[in-house]
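Okay, so here's the structure we're looking at.
The values are calculated or read from the model by the stated rules, or taken from the named source; none is laboratory data. In this text, all values refer to a predicted model and were calculated from it rather than measured experimentally. Cβ coordinates were reconstructed from backbone atoms using ideal geometry, including for glycine residues, and neighbour counts include every protein chain displayed. What goes into the accessible areas is simple: the full protein's heavy atoms, side chains included, and nothing from ligands, DNA or RNA. Shrake-Rupley method; radii C 1.70, N 1.55, O 1.52, S 1.80 Å.
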Amino acid sequence: MRAATATATPSSVSSGPMLGFSTLAQETVVDELPLQGVLPQWLAGSLLRTGPAKFEVGKDRMRHWFDGLAMLHRFTIEDGRVSYGNRFLESRSYRAAREQGRMVYGEFATDPCRSLFKRVQTLFSQRKLDEVLPDNANINVMKLGERFIAMTEAPMQVQFDPRTLKAADVHPYRAPGHLTTAHPHLDRASGSALNYAAHLGRRSSYRFFTVDPQELVPHLIASLPVKNPSYMHSFGLTEHWIVLAEFPLVVNPLALALSGRPYIENYKWKPELGTRFTLVDRATGKATGGFQADACFAFHHVNAYEDGDEVVVDLCTFSDAGVIEDLYLDRLRAGKPIADATPTRFRLRPADRSVSHRPLTDGNLELPRINYARCNERPYRYVWGVRGGPNGWLEQIVKVDTADGAIRSWSQPDCYPGEPVFVASTEAEREDEGVLLSVVLDATAGTSFLLVLDAEDLSELARAGAPHHIPFSFHGQFASA
Ligand SMILES: [Fe+2]
């Protein structure tokens, strides 16, 4: 990756980020981690994260960063101290792999099932599908009501205990389709999760649904027919609209059933399609489409909101979908750089279906976080994330002021930070009043630590050292005590 204003200086003894892509076999509980600095008195609760942590099972090797078997991590802050626990997510994917000593369920880019008949049968049969769906929830964590749920893009999610990290035996709900996102939104009024699922088949559709925290039954609010569904990792939400950004990375569902290739390798990049935005009315389910923009790709929506007659949609965009190739483990372990994402603001004008866009800043940023509770669906100013540096991996925590593009950053030589989770202080008045929590790999030491930064100026407040390295994870949430 290239960084516009890198502050990191590569260490002469840099060991690079490769350790972050290696298996952590150890499960542990530590009552009190060694702490440097002072934690804010108001900060109490648990940072709960999920991510891939096991990259080989018997003779089988995971091919892609997204494929690793999930591990949960818990950093609990209480009375100025930090405790830690980690545990493999005991999903049925994990249990089957452990019991049989091989990969049993297919993943994003690694699929042990080569039976053509079985693949076709499963895609078009609900009962068969339910038998083979993976539930390796290594992408994100959601708090739905009082439940904690680890999430993946397959429709089965996994509930877990936030203290012991032990998984529940039953799935809390099943998304109504073959593929969903691990980035649901939470409805402010009801507390329900709001998500979409792609149903693949002879008649494919995007299905938008809510899940009530008590009932746990998906309730369909809209279904849009689509011939060749796009790969979408997240979506946007405004006060009145669900925002769908369809990138031209698309799949022919029948070809998927017949190909025998791992899931993501069936998606084709077709830039001639451009990027299409659709607004779905949250109240009626009615879709307003026809917003056409240049081809791009993104994993993450940052935020969206309504601004007069326009809808503002902020995305971390790549010029194409090559970043998926960049994240194959053999490339990452060889130190090859990954593509940069540019925080980009799109403005959709429903009156004439026009779309304009501009970068929000000069630098790159991925794994974006905002002050979600205060700003989701609403005008906002700050986004935090990580960006690349000279060692080819994510090396800085950054804060971007969307008002003027100004950037602040934190970095330390040979240290590789993960997604910075914003936690608002209990008495916060300003949008950026609080802390960032990020799990950082110190490659020279061979261990990871929880870093606590002041979210306003990114100055370091404290760090708590874990007893081992923590493989790079994707997303997590802070649950206040
Ligand atoms: Fe994500």
| note | In terms of the alpha carbon gyration tensor, root eigenvalues a ≥ b ≥ c, rounded if a/c is under 1.5 and otherwise prolate when a/b exceeds b/c or oblate, the stretch 211-293 is oblate
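Give, in nm to one decimal, the length gained when the segment between residue 203 and residue 294 is fully stretched (0.36 nm per residue of separation minus the Cα-Cα distance).
This chain segment gains 30.1 nm when fully extended.
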| query | Taking the simple approach of a point 7 Å from Cα along Cα-to-Cβ for both residue 27 and residue 239, what is their distance in nm? | reply | 4.7 nm
| task | Taking every Cα atom in the chain, find the radius of gyration and the maximum pairwise distance Dmax, and write them in Å. | result | 21.1, 59
| Reachable aspartates and glutamates, given that their alpha-carbon falls under 18 Å from the alpha-carbon of residue 336 and they are not under 8 places away in the same chain | 320, 325, 326, 366, 395, 414
| request: Please give every one of the lysines within straight-line cross-link reach of residue 286, meaning a C-alpha to C-alpha distance under 25 Å, and leave out same-chain neighbours fewer than 8 residues apart. | output: 227
| Could you name the lysines in cross-link range of residue 143, using Cα to Cα under 20 Å and dropping any fewer than eight places away on the same chain? | 166
| request: Can you tell me the order of 329-335, 299-305, 17-23 when each peptide is scored by its average per-residue count of other Cβ atoms within 10 angstrom, highest first? | output: 299-305, 17-23, 329-335
| said: Expected output is a single nm value to one decimal: the length gained when fully extending between residue 170 and residue 426, i.e. 0.36 nm times separation in residues minus the C-alpha distance. What is it? | reply: 88.7 nm
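Counting only protein heavy atoms and a 1.4 Å probe, tell me what percentage of the stretch 405-481's accessible area is made up of carbon and sulfur. Write out the running numbers ahead of the final one.
Working: 1030 of 2440 Å².
With neighbouring chains kept in place, the figure for the stretch 405-481 is 42 percent.
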